[in-house]
């Protein structure tokens, strides 16, 4: 969140500087230790995140029938007031023999 605020603030400063015909601030050089640390970075799985879908990571997703079934199971309150005709039954998942 702080990064989004900072980005907006910096963008606003550039817009104001250009509107007032003032020079914009120069770009800051990237410090060598930051580049070195980024080059040696090894990603780790995020803690406490269940699943690997877009919803687990805060993004949107188009749910499949299986996804709707899982959502009904986990958060049935979202489906209160809907009639069974409004909710299609999921097709069974194929089972490996």
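The values are calculated or read from the model by the stated rules, or taken from the named source; none is laboratory data. What you are looking at is a predicted structure, and each value in this text was computed from that prediction instead of being measured. Reconstructed Cβ throughout: ideal geometry from the backbone, glycine too, with neighbour counts over all protein chains shown.
Does residue 6 meet the test of being outside any loop (DSSP other than H, G, I, E, B) and under 21 Å from the mean Cα position of the chain (by Cα)?
Numbers: outside any loop (DSSP other than H, G, I, E, B): yes; under 21 Å from the mean Cα position of the chain (by Cα): yes.
For residue 6, the condition - outside any loop (DSSP other than H, G, I, E, B) and under 21 Å from the mean Cα position of the chain (by Cα) - is met.
When you scan region 54-97, how many residues do you find that are modelled with pLDDT of 65 or more and under 17 Å from the mean Cα position of the chain (by Cα)?
8
When the residues of region 23-53 are narrowed to those that are surrounded by 10 or more Cβ atoms within 10 Å (Cβ to Cβ) and outside any helix (DSSP H, G or I), which ends up nearest to the chain's Cα centre (by Cα)?
Top of the filtered list is 53.
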